[in-house]
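One structure is given here, and the rest of the page talks about it.
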Amino acid sequence: MTVYDLDPEVGEEKVAEKVDSYEISDGSSVDTSLYGRIQNFAGKYAMEARGVERVPEDERTDSSIYKAGSFWFAINLVVSALSIGAVGPELGLAFWDSVLVILFFNALGAAPVALFSLFGPKLGFRQMILGRYWFGMQGNKIFSFLNLISCVGWSAINTIVGAQMLHTIGSSHNVPPWAGVLIITLLAFTLTLFGYKIVHNYEKYCWIPTFIILIIICVRLHKSGAFTTGELKTGQAEIGAVLTFGSILFGGTAGWATFACDYVVYQPKTTNPVKLFFVVFFALWIPIVFVDIIGLACMMGTFTNENMATSYENNGIGGLLHAILVDNSLHGFGEFCLVVLALSTIGGTCPNNYSFGLTIQALDDIFLKVPRIIWAVVSSGLFIAVSIPAYYSFNAYMQDFMNIMGYWVSSYMTIAALEHFYIRKGYSGYDVTHWNDSSKLPPGWATLIAFLAGVGAMVVGMDQTWWTGPLAKKVEGDIAFELCIGFSGVVFMIARPLELKYFGH
């Protein structure tokens, strides 16, 4: 009997268990347990077997900062973001005021993602494991659970948009929605199995055909004559629409903050933090703004073109793109473009599938006993289960999800930033051997109290189809994420020093 030790350097024997093994002729030991067989299978086919354990410094050899940039650029230059940009006109905003909202709130959302990306090279931990230093072992479970929901929700948005486009192709043999969801999910699952390096390499090139087709969409929309800038408005209704649209945009961009370290964790400790920050920031902000504005422009066409309006009403953004690229336009070549765009959503789905396995392993030690590749299977099943019913009420689902993402991520990033700068005084305040030792981590009471304060603020400031808070009614818009930042931050700055005083850490 031998002990299967994931990483003895950082004390992971606490989560290791005894397994069966046998010796082979060269004297090495082969793990014959189910866990070991799965890990051996992963290694045989070059799948990434590493879970949430810290990546040692000698294994952090991915020195290209621009590779990290190309990754974030590619996963955000996807057609699903068109649906987010299209929300502005639905809320009553015209083109130019929507553009200003897109520019500002996406920048606001990209900043925390760029900030948290710096922790990967410095400390070698995945994003959700870092949360143990900020929130404690127990407090981190709150955010890990919420991040699991986020992984599923993000993938659902990507797969639904892809399925919408596949469904519009062909006059008499349309791909059923459930089949489109299956196609995209299974392709993303296959890529995710091979882990960090394969996902990075795929994302390095997959954006190119998407970019070309997005330019074609712009050209065809212009030729259709349907585009209009609309009429700029003023007043309380305009302010409310700006706040609500901004909340959706912020949630869509800042939502990547809980994934940030996962994709730079193999960067060396010597990585230039200033350069990495700005590379990640602009690699996020530029493609998101670009695609959001195209989605916005396409949606403006529905106000002057009846076919576009009907197509959007029947098949969402997929139907709208069909009306622009196929109907009285490029016909067969247009349908080919739709297929390519549908498959491009795989680029946005892969990170969610990959991070799902890492997040659930961070939730509790018991989940470390299940290899990451098994969690990739589980997450794919959940994506399918959510995507198919959500397909039929996509707009409401997407808007509610993006808003809720913005709410809880606001508390997450506020508490994390305060713990890092206000309590730990920078990276010197982290002992990398403590990551799985609850006695050396914060007890989590301050995090819980601050998070609940953020939830209370959220309730009074949110504007959803199923609930509108009293403050949201007054401003006629969604102000929940701004309130979450304020209330979570103030309460944490009061509660955390008291926690340190009475618990010592």
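Of all residues in the stretch 429-479, how many are over 29 Å from R132 (Cα atoms), not in a strand (DSSP E or B) and not β-branched (V, I, T)?
Count: 12.
Quick one: in the stretch 105-136, of everything that is part of a loop (DSSP other than H, G, I, E, B) and in contact with a Leu (Cβ under 7 Å, 6 or more places away or on another chain), which residue is surrounded by the most Cβ atoms within 10 Å (Cβ to Cβ)? Give the derivation first.
Keep residues of the stretch 105-136 that are part of a loop (DSSP other than H, G, I, E, B), which gives 118, 124-126.
With in contact with a Leu (Cβ under 7 Å, 6 or more places away or on another chain) added as a condition, the list becomes 118, 126.
Details: L118: 21, R126: 28.
Going through the qualifying residues, I end up with R126.
Any idea which of T190, T168 is at pLDDT 80 or above, among the hydroxyl-bearing types (S, T, Y) and out of contact with any Cys (no Cβ under 6 Å at 6 or more places or on another chain)?
The conditions single out T168.
Can you find a residue that is touching a helix residue (DSSP H, G or I) at 6+ places or on another chain (Cβ under 6 Å), surrounded by 17 or more Cβ atoms within 10 Å (Cβ to Cβ), of a type in the set (V, I, T) and at pLDDT 85 or above anywhere in the stretch 337-352?
For the stretch 337-352, residues touching a helix residue (DSSP H, G or I) at 6+ places or on another chain (Cβ under 6 Å), surrounded by 17 or more Cβ atoms within 10 Å (Cβ to Cβ), of a type in the set (V, I, T) and at pLDDT 85 or above: absent.
Quick check: anything in the stretch 250-257 part of a helix (DSSP H, G or I) and more than 20 Å from V409 (Cα to Cα)?
Initial filter on the stretch 250-257 (part of a helix (DSSP H, G or I)): 250-257.
Retained after the next criterion (residues that are more than 20 Å from V409 (Cα to Cα)): none.
No; the residues of the stretch 250-257 include none that is part of a helix (DSSP H, G or I) and more than 20 Å from V409 (Cα to Cα).
Can we say L358 is within 17 Å of Q127 (Cβ to Cβ), among the aliphatic types (A, V, I, L, M) and in a helix (DSSP H, G or I)?
Numbers: within 17 Å of Q127 (Cβ to Cβ): yes; among the aliphatic types (A, V, I, L, M): yes; in a helix (DSSP H, G or I): yes.
Yes; evaluated as a whole, the condition is true for this residue.
Can you name the residue in the stretch 258-281 that is outside any helix (DSSP H, G or I) and of a type in the set (A, V, I, L, M, F, W, C) and is also nearest to A107 (Cα to Cα) among such residues?
Of everything passing the filter in the stretch 258-281, V264 is nearest to A107 (Cα to Cα).
Picking from K233, K223, which residue would you name as being over 30 Å from D327 (Cα atoms) and more than 19 Å from the chain's Cα centre (by Cα)? Reasoning before the result, please.
Working: K223 fails: over 30 Å from D327 (Cα atoms).
Of K233, K223, the one residue that is over 30 Å from D327 (Cα atoms) and more than 19 Å from the chain's Cα centre (by Cα) is K233.
Here are F421, F451, F394: which of them is under 24 Å from G295 (Cβ atoms) and either under 25 Å from the mean Cα position of the chain (by Cα) or crowded, with 21+ Cβ neighbours inside 10 Å (or both)?
Numbers: F421 fails: under 24 Å from G295 (Cβ atoms); F451 fails: under 24 Å from G295 (Cβ atoms).
Residue meeting the stated conditions: F394.
So V52 ticks every box in (1) modelled with pLDDT under 85; (2) surrounded by fewer than 23 Cβ atoms within 10 Å (Cβ to Cβ); (3) in a loop (DSSP other than H, G, I, E, B) but one. Which box is left unticked?
It is condition (2) that V52 fails.
Restricting to the stretch 313-336, what's the tally of residues that are among the aromatic types (F, W, Y) and crowded, with 24+ Cβ neighbours inside 10 Å?
0
Would you point out the residue of the stretch 461-479, among those that are at pLDDT 85 or above and over 21 Å from F105 (Cα atoms), that is surrounded by the fewest Cβ atoms within 10 Å (Cβ to Cβ)?
P470
Taking the condition at pLDDT below 85 and closer than 22 Å to T253 by Cβ, does N201 pass?
So N201 does not fit the description; no.
Would you mention how many residues in the stretch 89-130 are over 18 Å from the mean Cα position of the chain (by Cα) and within 23 Å of I142 (Cβ to Cβ)?
Total satisfying the criteria: 1.
The values are calculated or read from the model by the stated rules, or taken from the named source; none is laboratory data. As the structure is a computational prediction, the values presented were derived from the model and not from experiment. Cβ sites come from the backbone with ideal geometry, for glycine too, and all protein chains shown count toward neighbours.
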